1. Which of the numbered conditions does LYS11 fail, given that it passes all the others? Conditions: (1) loosely packed, with under 13 Cβ neighbours inside 10 Å; (2) in a helix (DSSP H, G or I); (3) of a type in the set (Lys, Arg).
2. Give me the pairs, please: first residue somewhere in the range 36-50 and closer than 13 Å to ALA16 by Cβ, second residue anywhere and among the β-branched types (Val, Ile, Thr) and not in a helix (DSSP H, G or I), beta-carbon distance under 7 Å, and either six or more positions apart or on two chains.
Amino acid sequence: MTLQIHLETLKERHAALDARILDEDQRPRPDTDTLTRLKVEKLHVKEEIERLRGRDH
């Protein structure tokens, strides 16, 4: 997998996690454990994107 394809895959995963966070947050009684888990996962994806971008430049 090329770096560019990997970055695009990570960006898509980041966007999907963002959508899941929004969906969960809109529920009448959001599950805080789920929100926390999703936010941590989203942060890890963002950090991986930034790490790979730094390697690309």
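1. Answer for LYS11: the failing condition is (1).
2. none
Taken together, the values in this text are just the output of simple stated rules run on the coordinates, not laboratory data. Predicted model only: the values in this text are computed from it and were never measured. In this analysis, Cβ positions are derived from the backbone assuming ideal geometry, glycine residues included, and neighbour counts consider all displayed protein chains.
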